[in-house]
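Trainee: After the structure tokens below, expect a handful of questions from me.
The values are calculated or read from the model by the stated rules, or taken from the named source; none is laboratory data. Quick caveat: nothing in here was measured; it's all calculated off a predicted structure. Reconstructed Cβ throughout: ideal geometry from the backbone, glycine too, with neighbour counts over all protein chains shown. What goes into the accessible areas is simple: the full protein's heavy atoms, side chains included, and nothing from ligands, DNA or RNA. Shrake-Rupley method; radii C 1.70, N 1.55, O 1.52, S 1.80 Å.
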Amino acid sequence: MLRRVSATGLRDEVTDLLRRLIRVDTTNPPGNETAAAELLREYLEASGVRCELLARVPERANLVARLPGGSGPSLLFLSHTDVVLADSAEWTAPPFAGELRDGMVWGRGALDMKGQVAASAVALASLAREGFRPAGDLVFAATADEEVGEGYGLEWLCETHPHAVRCDFAINEGGGERIVLADGRAIYGVTTAEKLSAPFRLRVRGRSGHASMPGIADNALVKAARLIERLAAFRPEPRLGPEVEGFLRVVLGEAPPAAEAVERTRGLSVAAAATVEALLGPTVAPTKVAASSKRNVIPALCEVEVDCRLQPGQRPEQVEPALRVALGDEVEYELEWIEARGGTRSPLDTPLWRAVEAFVAETEPGASAAPLVCAGFTDSHWLREAFGTVAYGFFPASGELAPELAASLIHSADERIPVADLELGVRWLRHAARAVLG
Ligand SMILES: [Zn+2]
């Protein structure tokens, strides 16, 4: 039997592994990620890769596998095995069957993110079979509980088993979409930072009364409505930041003033303009309201919860003055920040960035990699905070699935990934290991 690596071999291997992973239902809650960790252990150990299962509770294990290297820098392939709920009534394929249809693997987690789990495992296993000897450790972590984040996954590993996940460089989810510009150039997004999630609560007080005689009361809900409208109209002063500046340099050939960034980008890509728009400053979105629990009682108190995301490096206290100006002084309110999570960034001038650039140039001549801030949230911030890791989100998409369609399938029905993307992902991860640890 030939032991050389054939591209077709790895494509079949990653497709098969993903289909098997999808069949393990790891809907979180409750997660049950141990079943996925055990499947991965069996797969990796067959290629001689050493694995450990680390678990806060037995049914929610994290898998950490390692190809030990010398004293050079270490690289972690980071992924999570839990998935969000799937309602099979909405799907045209069963969500936990891992069907292969028209060159795509269908099922919950195909994009978020069992596809990358499978590709990371296959990249590691194939390198191990070839006898690859990394300069520093090559590590693979398939963690639990990313989607809910109740402390069974990477956060817990960083705290209680730092030796297992400490690394200099990490490749995670959250980037790799292929954006085609109006002039025909292709751009691959790489998330090198994420926004700070800083939700806050507004509390508006009034005076309760019977709803049959509104004139005698002071309705806190009606007063809060005015604040909600003001929040919806909030347009903070735009600011580029290093990532968006880098992105614009690739897309436009220069970084224009922040106020022109969206319009200029729209000329080349509507999707890229929407991405840029969300990154130019804090975003606020009122999402929850609590007032009276009885229809016939006018509320004396109304609480509004607001999803708020700040630019990396920005702090709530820096944004609060502008927010208060926008809210005005017509209605009295209390503002309380609920928490502040994330907001970390990694530098752009690193060996991992150069590995991304070289891979993109080799894969698609004329295409470029461009840095982005993740408007949402991934596990990368735990690594950046605990170890100062350079963590990027990059899992390149072939473009077979349009980026807007792929984005709409995440956490939604009919989630699927082209086999071509799995194959490209394996190639990227193998390339990264050789470039950073070779
Ligand atoms: Zn995910």
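Trainee: Going by the structure shown, is D349 out of contact with any strand residue (DSSP E or B) (no Cβ under 8 Å at 6 or more places or on another chain), surrounded by 24 or more Cβ atoms within 10 Å (Cβ to Cβ) and farther than 24 Å from P282 by Cβ?
Mentor: In short, no.
Trainee: Restricting the first residue to region 97-122 and requiring it to be within 22 Å of R430 (Cα to Cα) and open to solvent by 30 Å² or more (accessible area, probe 1.4 Å), which pairs with a second residue that is outside any helix (DSSP H, G or I) and modelled with pLDDT of 95 or more meet a Cβ separation below 6 Å and a spacing of at least six or different chains?
Mentor: L111/E415; L111/I417
Trainee: Among the residues of region 194-215, are any free of Cβ contacts under 8 Å to residues at least 40 places away in the same chain and outside any loop (DSSP other than H, G, I, E, B)?
Mentor: Yes, region 194-215 contains a residue that is free of Cβ contacts under 8 Å to residues at least 40 places away in the same chain and outside any loop (DSSP other than H, G, I, E, B).
Trainee: All but one of (1) away from the ligand (no atom under 16 Å from the Cβ); (2) under 20 Å from S408 (Cα atoms) hold for L127, so report the exception by its number.
Mentor: (2)
Trainee: Let me ask something else. Taking the condition of being in a loop (DSSP other than H, G, I, E, B), within 16 Å of the ligand (Cβ to nearest atom), closer than 20 Å to A358 by Cα and modelled with pLDDT of 95 or more, how many residues in region 148-174 meet it?
Mentor: The number of residues fulfilling the criteria is 1.
Trainee: Only one residue in L248, L252 is free of Cβ contacts under 8 Å to residues at least 24 places away in the same chain, open to solvent by less than 50 Å² (accessible area, probe 1.4 Å) and in contact with a helix residue (DSSP H, G or I) (Cβ under 8 Å, 6 or more places away or on another chain). Which one?
Mentor: None of the other options fit; the residue is L252.
Trainee: Just a yes or no: is a residue in region 3-25 crowded, with 24+ Cβ neighbours inside 10 Å and of a type in the set (K, R)?
Mentor: No, there is no match, as no residue in region 3-25 is crowded, with 24+ Cβ neighbours inside 10 Å and of a type in the set (K, R).
Trainee: May I pose another question? Looking only at residues in region 256-285 that are in a helix (DSSP H, G or I) and in contact (Cβ under 8 Å) with a residue 40 or more places away in the chain, which one is nearest to Y188 (Cα to Cα)?
Mentor: Once the filter is applied, the top-ranked residue is A272.
Trainee: What are the residues in region 174-197 that are buried (at least 24 other Cβ atoms within 10 Å of the Cβ) and touching an Asp or Glu at 6+ places or on another chain (Cβ under 8 Å), if any?
Mentor: G174, Y188, G189, T192, A193, listed by residue number.
Trainee: Of all the residues that make up region 368-395, how many are modelled with pLDDT of 95 or more, part of a loop (DSSP other than H, G, I, E, B) and either of a type in the set (A, V, I, L, M) or within 16 Å of the ligand (Cβ to nearest atom) (or both)?
Mentor: Residues in region 368-395 being modelled with pLDDT of 95 or more, part of a loop (DSSP other than H, G, I, E, B) and either of a type in the set (A, V, I, L, M) or within 16 Å of the ligand (Cβ to nearest atom) (or both): 2 in total.
Trainee: Cβ-Cβ distance below 6 Å, separation of 6 or more or different chains: which pairs start in region 49-77 with a residue that is among the aromatic types (F, W, Y) and end on one that is in a strand (DSSP E or B)?
Mentor: Filtered contacts from region 49-77: F77/F140; F77/I171.
Trainee: Now for a different question. For region 396-407, give me the residue count where each residue is surrounded by fewer than 23 Cβ atoms within 10 Å (Cβ to Cβ) and in a loop (DSSP other than H, G, I, E, B).
Mentor: Looking only at that region, the number is 5.
Trainee: Further, regarding this structure: Report yes if I410 is open to solvent by less than 30 Å² (accessible area, probe 1.4 Å) and either under 28 Å from R341 (Cα atoms) or of a type in the set (V, I, T) (or both), otherwise no.
Mentor: Taking the combined requirement at face value, the residue does not satisfy it.
Trainee: Can I ask one more? Counting only residues that are over 15 Å from the mean Cα position of the chain (by Cα) and of a type in the set (D, E, K, R), which one in region 134-154 is nearest to S74 (Cα to Cα)?
Mentor: D137
Trainee: Tell me the residue from A135, A97, A93, A128 that is part of a loop (DSSP other than H, G, I, E, B), over 19 Å from F394 (Cα atoms) and either aromatic (F, W, Y) or in contact with a strand residue (DSSP E or B) (Cβ under 6 Å, 6 or more places away or on another chain) (or both), please.
Mentor: So the residue among A135, A97, A93, A128 that is part of a loop (DSSP other than H, G, I, E, B), over 19 Å from F394 (Cα atoms) and either aromatic (F, W, Y) or in contact with a strand residue (DSSP E or B) (Cβ under 6 Å, 6 or more places away or on another chain) (or both) is A93.
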